[in-house]
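All of the numbers you see were taken from the coordinates with simple rules; none came from a lab. As the structure is a computational prediction, the values presented were derived from the model and not from experiment. Virtual Cβ from ideal backbone geometry, glycine too; neighbours counted across all protein chains shown.
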Amino acid sequence: MTSRKLKNGVMGFLVAASAVLLIAVLVVIVWHIFILGVKYLNWDFFTKTPTPMGESGGGVFNAIVGTFLITLMAAAIGTPFGMFAGIYVAEHRGQRFAGVVRLCADALQGVPSIVIGIFGYTFLVVRFRSYSALSASVALAFMFVPTTTRVTEEVLNLVPSGLKEAAYALGARRSSVVWNVSIKTAAAGITSGLLTSMARIAGETAPLLFTAFGSRYVEWNMLRPMSALPLQIFVNASSPYPALQQQAWSAAFVLVLLILLLQYGAKHLIARVLRVKA
Amino acid sequence: MKNKRHVSILLTLLAIVALVASGCSPQGGSTTVKELSGAGATFPYPLYSKMFDTYASATGVRVNYNSIGSGGGIKALTDKTVDFGASDAFLTDQEEAAMGAPVLHIPTCIGAVVLSYNLDSTPALKLDGTVLAGIFLGKVVKWNDPVISALNPGVSLPDLAITVVHRSDGSGTTSIFTSYLAAISPTWKSTVGAGKSVSWPTGVGGKGNDGVAGMISQTKGSIGYIELVYAVQSGMPFASLKNASGSFVAPSLASSAAAAAVSLPNDLRVVIVNSPGTDAYPISAFTWILVYKEQKYASRTLAQAQALKKLLAWVLIDGQSVNEGMSYAKLPAPAVTKALALVDSMTYGGTAIP
Amino acid sequence: MAAQPSPSDRREAARERAFTAASLVAAVALVATIALFLVQLLITSRTSRAAFGLPFLWHSEWNPVTEKFGALPMIVGTLVTGFGALLISTPFALGIAIFLADYAGRKVAEPIKYLIGLLGGLPSVIFGLWGLFVLVPIVGKFEVWFGKLVGSEALVASGTTGVGLLAAILLLAIMILPFSASLILESLLVVPTELKEGALALGATKWDMIQNVELPYVRKSTVGALVLSLGRALGETMAVTMVIGNGMKMPTTLFDPANTLASAIANQFLEATSPVYIGSLIQLALILFVIAIIINVLARVILRRGIQQ
């Protein structure tokens, strides 16, 4: 009896301790990013481009622009594919091919980002004879599509079947049921999913290494090499210049902020969906 | 109803982005080219970033250069994904064959590969090729090894293990350094050899000149090879080396320029390690910009070829004034003359580029 | 039948067809993507297979000068870091999940879940940055201390860098922790309350209940969650690339600089020039791709079974 009680107590302690440890690790990481990131932030950081090697000052405006363009473009490419594939899976639930599609979405989600980078290089960069932001967006779209597919499917499955049946009973076609009833009901959920997927790809580095390639200039042309925040963090972190390393921390801070913003937007929308349901 | 708006707002936004992006069409043939791209060696990167910055403010033409290593520069040019490559090692026959067309080697400066180290008292060290080969072969493992002490009388060396730092990527700097070791040490030549990437017997790898410099600065007891400017800019000590005529020479603008005082072949593909002059620093090297001689390939326009030719001529004449401020030696006059001749030999569709 | 279809009907029919076609095209494209990846990787890596064949998998020399390539050091590096990270993080992941499911009240659990989500959403390159500047120096100090403890001068010497397998394992363990913890938590939350309360009513302590009711119930889905986490760890690129030291030799101790399949590609792909070298790197990507697909499909199958049970 006592040994059982003792075990109960000890295990309870260990379980709580592991939670505390997780929080501690998280706090340390976030603390570093926040403290070091904010410390080296200044106005130039947001508005200037990198200075020539070894000179002080400069900023990462080029990378901020790049991250926005590349991420949005990836979402623009990936959204229709991901959404329609999700609709297909949701509408053909239980069918063999829908199962295959879902399995492929899962598998694609598990493909390491560096493999996607290699694919982007051999398939797009070599073919079009130029490193480009567009090839980076396509590479990221491969990561964007499967998450969007799964989210769309999940959200559509949440749509009350009564609602759909009522529409069918009124003689509506499937496309209009899906579009006017299901999608409308699930819109916020899907948008939230899109934002979550964007938060995920905005921080990806490996697919950009061999595609976006980086640029020291502010670049608006998607067909040219372009920088991005994650790329800049990677390059600066491994440089010997303290000024560049400090910039890496600031860039990390800005990137995390951006991701949190996207996640917050997603969460906010989800909360509204749940409120509407309740 | 309201929910649908979210999706439509987002989709509209994405559509706008897509439109804006597709509106930015690639460079047309008629207009002047405002952008050039290059990739390759990290060895001259500080110089190039300064040069191209100057060039952009002087001419409005932006040159996007990515320092991904000489191997990367050669690959990028082979795949024709850039306007020019940059390398500290001239093309091997195999690489030249892979290019599929003649490639010109345009030298831009002379640099020195220095041996930087991280020791507490930062003593000024003297080393020679034999000892270096020993260290990089993993045979000399302590800083107070008699062979090092013998070269440095009066310097107190710690009883500390040596951590070798080398490049993890394909590097012209590695090629220069290993060519030097192979020229000095038969053991090195037979067991490791010379090349852009070699199978290192010992040590840890850093990516790029900056990666190696970063690793040295973080690691007590380490030694590694980097381009002079990286050591100067990050304030790291570097060793004097015994040259072919037996004197100890510190790496500098003058001593690397002295190494280039040899007779140059017309194609300027020449290795100047272990150069004979008394003042020559033994691990000096040219670094090259690589371009196709025939510029009409893939979908390149005449305007692109012209912009590239203009840039190269500028680098060889006006650009040289940037060199010394960045710790790279200027090209000697004969090299400039020969290099300009190479630039003039570039063609577009078989005829000289106007 | 007899009546002419009205224009609006025809429009709707056209829309219906377009809609069906679009969703089918998207679904087929998704499946085709996987095939396209496989084919593209197979084609672009054929130079390597022509030169080395199957022994590529177990040869341990990776020498760009002599152009002899073997993947064994990277395969070993990948497996050691992946399983090492899983080994370290699993107890903590279980602990956190159990804590959140059975011990913490809503007020405590919700913020912790939020934090887990936050940690899980941080980009790999940021973990790498943190690992390089914070974790690696600590690992280096530990290595020196450990080297002195066991009297190994080699460890004391190399310890000053801190980069290597151990740093990669620790960083990976932190990175997969939120992932596996939230997956395990998900499965714990579906354990029927009646089962739990029944056990407690019979006089079991909380831990008795967890050990005898809850854990057996979620055994399969936990295994699935762990396999999925392993998949993540094996394919992780940037963070590992930044702290593993990029050694191309077969590692002999946990402190050695090494490479995983992913980090070797990240480090060398841009500068590989010869066709065999490039092919060999893509061959590494192909191996990684196949491993990732197998692990993911396996994990999903296990998870689905676990849930159906």
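Taking a virtual spin label 7 Å from the Cα of A:VAL126 along the C-beta vector, which residues in segment B:60-87 bring their backbone nitrogen under 18 Å of it? Inside the label zone: B:71-82.
In this structure, the amide hydrogen of B:TYR65, modeled 1.01 Å from its nitrogen in the peptide plane, lies closer than 5 angstrom to those of A:ARG216, B:GLY38, counting only residues at least 5 positions away or on a different chain. Taking θ as phi - 60° and the Karplus parameters 6.51, -1.76 and 1.60, the scalar couplings of segment A:198-214 work out to 5, 4, 6, 7, 4, x, 6, 10, 4, x, 8, 3, 9, 10, 6, 6, x Hz in sequence order, x denoting glycine and proline. Computed from label points 7 Å out along Cα-Cβ, the spacing between C:GLN211 and B:ALA261 is 8.4 nm.
Listed by chain and number, the lysines whose alpha-carbon sits under 23 Å from that of A:LYS267, ignoring those within fewer than 8 places in the same chain, are A:LYS184, A:LYS277, B:LYS2, B:LYS4, C:LYS107, C:LYS113.
Summing charges over neighbours of C:GLY279, with a neighbour being any other residue whose Cβ is under 12 Å away from its Cβ, gives +1 when K and R count +1 and D and E count -1.
When the C-alpha to C-alpha distance is required to be over 30 Å, the pairs from B:LYS75/B:LYS310; C:LYS141/C:LYS249; A:LYS39/B:LYS80; B:LYS189/B:LYS338 that qualify are A:LYS39/B:LYS80; B:LYS189/B:LYS338. The residues A:ILE270, A:ILE29, B:ILE283, when put in order of fewest to most other Cβ atoms within 10 Å, stand as A:ILE270, A:ILE29, B:ILE283.
Here the simple spin-label model places points 7 Å from the Cα toward Cβ, and for A:ILE35 and C:LYS107 these points are separated by 3.0 nm. Of the DSSP H helices in chain C, those with a Cα length along their own long axis of 30 Å or more and a mean Kyte-Doolittle hydropathy reaching 1.0 comprise C:72-98, C:165-189, C:275-308. In straight-distance terms, cross-link reach from C:LYS220 covers every one of the lysines whose alpha-carbon lies under 20 Å from its own, apart from those fewer than eight places away in the same chain; here that gives C:LYS196. At full extension, C:VAL150 and C:SER6 could sit 43.0 nm farther apart than now, given 0.36 nm per residue minus the alpha carbon distance. Full extension of the segment from C:LEU57 to C:LEU200, taken as 0.36 nm per residue of separation minus the current Cα-Cα distance, would add 46.2 nm.
Centroid-to-centroid, using Cα positions, segment C:184-205 and segment A:162-232 are 39 Å apart. Here the gap between C:ALA50 and C:VAL297, fully extended at 0.36 nm per residue and compared with their Cα-Cα distance, gives a gain of 86.0 nm. Around the amide H of B:GLY206, modelled in the peptide plane, lie the amide H atoms of B:HIS166, B:ARG167, B:SER168, all under 5 Å away and 5 or more residues distant in sequence or on another chain.
Taking every DSSP beta bridge that has both ends in the protein assembly as shown, the antiparallel portion is near 55%. Given in Å, the Rg to one decimal and the Dmax to the nearest whole number for the Cα atoms of segment A:41-277 are 20.5, 72.
Assuming R0 = 30 Å, what is the FRET efficiency of C:THR193 and A:LYS267, from their Cβ-Cβ distance, to the nearest 0.05?
Efficiency, rounded to the nearest 0.05: 0.65.
B:THR130 sits among other residues whose Cβ lies under 13 Å from its own Cβ, and their net charge, with Lys and Arg +1 and Asp and Glu -1, is +2. Using alpha-carbon pairs under 8 Å, 6+ residues apart, how would you state the relative contact order of segment A:123-233 in percent? Rounded, it is 42 percent for segment A:123-233. Per-residue ellipticity at 222 nm from helix content only, as computed over the protein assembly as shown with -39500 (n - 2.57) for each DSSP H run of at least four residues, stands at -19500 deg cm²/dmol. Residues whose amide H falls under 5 Å from that of B:CYS109, counting only those 5 or more places apart or on a different chain, are B:THR287, with hydrogens built in the peptide plane. Membrane-span-like helices in chain B (whole DSSP H runs, Cα extent of at least 30 Å along the helix axis, mean Kyte-Doolittle hydropathy of at least 0.5): B:2-23. With a simple spin-label model that places each label point 7 Å from the Cα along the Cα-to-Cβ direction, the separation between A:VAL25 and C:LEU24 comes to 4.8 nm. Using the Cβ of C:ALA18 as centre and a radius below 11 Å, the other residues enclosed give a net charge of +1, where K and R count +1 and D and E count -1.
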